[in-house]
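Peer 1: For reference, the structure I am asking about is given below.
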Amino acid sequence: MVLAASAGVLPLALTACKGVQVLGTPPPPPADIRLLRAAIAAEEQMVARYAAALHTLKITVGTHPTYPQTVRVTGLTRVAREHTEHLDELKSRLIQNTPLPHGAAPAQLPTSTEDLFAALEHAEQAASDRLIGQLDGLPPSFAQLVASIAASEATHVPYLRNLKAGRP
Amino acid sequence: MSPAELRALQDALAAEQAASFGYGVLGAHLSGAEQRQARADWVAHQVARDQLTAMITAAGWKPIPSAVSYQLPVAVHSAATARALAIDIENRVTQEYIALVAVTSPSVREFAARQTRATALRAVAWSGNPQAFPGLRVD
């Protein structure tokens, strides 16, 4: 199912005698489209957060990484890829005729490995909880996608805990 | 409750009944922490089974009975095959809960979404590998 994002465009009417006439304030987009756009913005933030985390981790690792450090970089790359898949799938549900608003830049990430992973775990759990709380009233197939992404993001939490400990 | 909603609830119940049976088999091939994990997961499936039974009954329908025995998708004869069965069980139950998320009743949908998350977490605990879209096939 694809949701149309047309409500952000100012409605215009063409009439024979008055030419182009502005009809007034556009109605707000339906709740499912608002949620889809918010979910896309949140997932974009998550992708940016992981790109920043990988950058930080690679700087920390340097040119002679230890085994746990290599495991962490490989694991984070995998989770980052899953977020990109979430983002691509969410975007595919939107027929876009207005530019999507960019989400706010993710908060600055800590530089210590321990705190960096703790921040990512927190972001994943919060994203999962938020998505599960937004299912009411969504069309069935979109609700299924949101629930599946919420589950995926929750599974990243124990995965990140293992990575933090250097376990693949 | 529509016939489609009832069918989705009954399918989830059938999956939980099969999961409860499967964990009873696989737990015997594990030891230590893995056996404790299997026992906890077994209890979680039994609790979910009972919740689904109560939801169907409360809606005025008769829950499907559990089978006496189930043909397991993985022949269990070692710890490795026990783990493989646990992963298979969790993935199958996740699919049923994602199907149940399509039900529009808010309470049923939230229950299904929380169970989807719980089964996906159990799957990753056994496999070590998260999935991008638990329970869904995304092409």
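Coordinate-derived values only; no laboratory data. This one's a predicted model, so the numbers in the text were calculated from it and none came from an experiment. Cβ: placed from backbone, ideal geometry, glycine included. Neighbour counts: every protein chain shown.
Peer 1: Of the options A:60, B:43, B:22, report the single residue whose Cα projects farthest towards the positive end of the charge dipole of the protein assembly as shown (beta-carbon charges: Lys, Arg +1; Asp, Glu -1).
Peer 2: It is A:60, whose Cα lies furthest towards the positive end.
Peer 1: Oh, and also: Using the Karplus equation 6.51 cos²θ - 1.76 cosθ + 1.60 (θ = phi - 60°), what ³J(HN,Hα) coupling, rounded to whole Hz, does each residue of the range B:84-96 give in order, writing x for Gly and Pro?
Peer 2: The phi angles translate into 4, 5, 4, 5, 4, 4, 5, 5, 5, 5, 4, 4, 5 Hz.
Peer 1: OK, next. If the only charges are +1 at each Lys and Arg Cβ and -1 at each Asp and Glu Cβ, what is the size of the charge dipole of the range A:29-164 around the Cα centre, to the nearest 20 debye?
Peer 2: 280
Peer 1: Tell me the label-point distance for the pair residue A:114, residue A:161, using the 7 Å Cα-to-Cβ offset, in nm and rounded to one decimal.
Peer 2: 1.7
Peer 1: Please compute the length gained on full extension between residue B:25 and residue B:77, using 0.36 nm multiplied by the number of residues separating them and subtracting their Cα-Cα distance.
Peer 2: Gain in length upon complete extension: 17.7 nm.
Peer 1: At residue B:43 and residue A:55, where each label point lies 7 Å from the Cα along Cα→Cβ, what is the point-to-point distance in nanometres?
Peer 2: It is 4.6 nm.
Peer 1: When the C-alpha atoms of the range B:3-127 are aligned to their principal axes, what extent does each axis show, in angstrom, from largest down?
Peer 2: 42, 28, 20
Peer 1: May I ask for the distance between the Cα centers of the range B:1-47 and the range B:101-139, given as a whole number of Å?
Peer 2: Result: 14 Å between the Cα centres.
Peer 1: Then there is this: Rounded to the nearest 10 degrees, what's the angle between the helix B:3-26 long axis and the longest principal axis of chain B, both from Cα atoms, 0 to 90?
Peer 2: For B:3-26 against chain B, the angle is about 20 degrees.
Peer 1: If one takes the longest principal axis of the Cα atoms in chain B, at what angle in degrees, from 0 to 90 and to the nearest 10, does the Cα axis of helix B:106-127 lie?
Peer 2: Its long axis makes an angle of about 10 degrees.
Peer 1: Per residue of B:106-118, count partner chain C-beta atoms within 10 Å of its C-beta, then hand back the mean as an integer.
Peer 2: Average neighbour count from other chains, rounded to a whole number: 5.
Peer 1: Distances over 15 Å make up what percent of all Cα-Cα pairs in the range B:35-75?
Peer 2: The share of Cα pairs beyond 15 Å in the range B:35-75 comes to 60 percent.
Peer 1: Whole-Hz ³J(HN,Hα) for each residue in the range B:51-57, computed from phi via Karplus 6.51 cos²θ - 1.76 cosθ + 1.60 with θ = phi - 60°, x for glycine and proline: what do you get?
Peer 2: These are the phi-based 3J(HN,Hα) values: 5, 5, 4, 5, 5, 5, 5 Hz.
Peer 1: What length, rounded to one decimal in nm, is gained on full extension from residue B:54 through to residue B:7, with 0.36 nm per residue of separation minus their alpha-carbon distance?
Peer 2: 15.4 nm
Peer 1: Classify the range A:29-164 as rounded, prolate or oblate, taking a ≥ b ≥ c as the square roots of the eigenvalues of its Cα gyration tensor: rounded when a/c is under 1.5, otherwise prolate if a/b is larger than b/c and oblate if not.
Peer 2: The shape class here is prolate.
Peer 1: Related question: Which residue, B:48, B:86, B:33, tops the fluctuation ranking in a GNM of chain B built on C-alpha contacts under 10 Å?
Peer 2: B:33
Peer 1: Tell me, what is a quarter of the convex hull surface for the C-alpha atoms of the protein assembly as shown, in nm² with one decimal?
Peer 2: Mean shadow area of the hull around the Cα atoms is 20.9 nm².
Peer 1: A further question follows. Give me Rg/Rg_expected for the range B:35-107, where Rg uses Cα atoms only and Rg_expected = 2.2 N^0.38 Å with N residues.
Peer 2: Normalised Rg, Cα atoms only: 1.30.
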